[in-house]
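Engineer: The structure is given below, and queries will be raised subsequently.
The values are calculated or read from the model by the stated rules, or taken from the named source; none is laboratory data. Small disclaimer: the values here were computed from a predicted structure and weren't measured. Please note: Cβ atoms are built from the backbone with ideal geometry, for glycine as well, and neighbour counts cover all protein chains shown.
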Amino acid sequence: MSTNNIIGKKYEADYEISFEKIKEFVEVMGDKNPHYTDRDFVKSLDGGHPFAPPTFAAIYCQPALKNLYLDSQFSKLVPRLVHGEQEYNFGDPARAGDRIHTTAEVVKHFNKTNRSGKDNQVIEIMTTSTNQNDKLVCTATYRLIIRGE
Amino acid sequence: MPYFYAGASLDFNLIHIDREFAQANGLPDIILQGMCTMGLTAKHIIKNDHPSKVETFKVRFLNPVLPGDELNFESEMNNAEIDIEVTNQNGNRVLRGKATTR
């Protein structure tokens, strides 16, 4: 498969976090933590806007990752793609109103035989997200498995 | 839930929302987005605390989560480290992870 040269491919995109999107996200998860939804409560803590939950990172990283998935070398793999592992390191909290800049880079790509003898491919993507103050918000490693035919 | 999470998370991979497509690609049914399971696990860890308490969070997805599955979250805290395991109603592990807190 002609994906050998995807290592080093890099994609960037911005995402502005809205309070409405945070509310939609936590509602789906049934998460009632007031740090996400109660403006007055959060204002009383430090005067700022509501927080995004940690795995909201999947959303602000998504525009950069989407550019990867739309890449012609990658898009044909997407139907056989499953999420193997995910790792986050969090810096400054992400909050409503923040403008997050994310770069996503393919750092690894190799073949791996699974327990049942199928030849899978493993792709690792690293993302780095900073906010409008150039503060590091999150770095992440996505380990994706492309299931063999 | 995969439909609603797709809308909220922008993850519209058809294996999460189109049963025929998922089965044509070798899956038993549509599967829940791994990031949704991870998000539910984060909710279990944080509860109503400040979300910044989570400094690092790492998971491995072990088995797909299917429609109708019931998930059970178990965590064990050792100092600032939390080990987490999520199982389905059949006792199969779907996620194993580790978080550090500050």
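Engineer: Consider residue B:35 against the criteria (1) out of contact with any Ser or Thr (no Cβ under 7 Å at 6 or more places or on another chain); (2) under 30 Å from residue A:74 (Cα atoms): it satisfies all of them except one. Which criterion is unmet?
Structural biologist: (1)
Engineer: Also, I was wondering about something else. Name the residue, out of B:53, B:58, B:98, B:47, that is closer than 18 Å to residue A:25 by Cβ and basic (Lys, Arg). Walk me through how you get there before you give the answer.
Structural biologist: Values: B:53 fails: closer than 18 Å to residue A:25 by Cβ; B:58 fails: closer than 18 Å to residue A:25 by Cβ; B:98 fails: closer than 18 Å to residue A:25 by Cβ.
Exactly one residue qualifies, and that residue is B:47.
Engineer: Could you tell me how many of the residues in region A:42-89 are closer than 21 Å to residue A:132 by Cα, within 7 Å of chain B (Cβ to nearest Cβ), under 14 Å from the mean Cα position of the chain (by Cα) and not β-branched (Val, Ile, Thr)?
Structural biologist: 6
Engineer: Across region B:9-41, what is the number of residues that are part of a helix (DSSP H, G or I), over 17 Å from residue A:144 (Cβ atoms) and among the β-branched types (Val, Ile, Thr)?
Structural biologist: 1
Engineer: If I go through region B:10-33 residue by residue, how many of them are more than 20 Å from the chain's Cα centre (by Cα) and either polar (S, T, N, Q) or facing another protein chain (nearest Cβ under 8 Å) (or both)? Working first, answer last.
Structural biologist: Keep residues of region B:10-33 that are more than 20 Å from the chain's Cα centre (by Cα), which gives B:20-21, B:23-26.
Filter once more, so that each one left must be either polar (S, T, N, Q) or facing another protein chain (nearest Cβ under 8 Å) (or both): B:21, B:23, B:25-26.
Selection size over region B:10-33: 4.
Engineer: While we're here: Would you pick out the residues in region A:21-41 that are within 10 Å of chain B (Cβ to nearest Cβ) and in a loop (DSSP other than H, G, I, E, B)?
Structural biologist: A:30, A:31, A:32, A:33
Engineer: Any residue at all in region B:42-64 that's more than 7 Å from every other protein chain (Cβ to nearest Cβ), part of a loop (DSSP other than H, G, I, E, B), at pLDDT below 95 and surrounded by 19 or more Cβ atoms within 10 Å (Cβ to Cβ)?
Structural biologist: Yes - at least one qualifying residue is present in region B:42-64.
Let's see how each residue does on (1) among the charged types (D, E, K, R); (2) farther than 15 Å from residue A:6 by Cβ; (3) buried (at least 19 other Cβ atoms within 10 Å of the Cβ):
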{"site": "A:100", "(1), (2), (3)": "no, yes, yes"}
{"site": "A:106", "(1), (2), (3)": "no, no, yes"}
{"site": "A:110", "(1), (2), (3)": "no, no, no"}
{"site": "A:126", "(1), (2), (3)": "no, no, no"}
{"site": "A:143", "(1), (2), (3)": "yes, no, no"}
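Engineer: Turning to a different aspect of this structure: Working carefully through the options A:118, A:108, find the one that is charged (D, E, K, R) and under 22 Å from residue B:59 (Cβ atoms).
Structural biologist: Details: A:118 fails: under 22 Å from residue B:59 (Cβ atoms).
After ruling out the rest, the residue left standing is A:108.
Engineer: Sticking with this one: I'm trying to understand the selection: among the residues of region A:11-58, which are basic (Lys, Arg) and surrounded by 14 or more Cβ atoms within 10 Å (Cβ to Cβ)? Don't jump to the end; show me each part of the working.
Structural biologist: Taking region A:11-58 as the starting set, the residues that turn out to be basic (Lys, Arg) are A:21, A:23, A:32, A:39, A:43.
Scanning region A:11-58 gives A:21, A:23.
Engineer: Further question: Quick check on this structure: which one of B:21, B:4 is under 18 Å from residue A:79 (Cβ atoms) and either of a type outside the set (Val, Ile, Thr) or exposed (fewer than 14 other Cβ atoms within 10 Å of the Cβ) (or both)?
Structural biologist: On the way: B:4 fails: under 18 Å from residue A:79 (Cβ atoms).
Just a single option satisfies the conditions, and that option is B:21.
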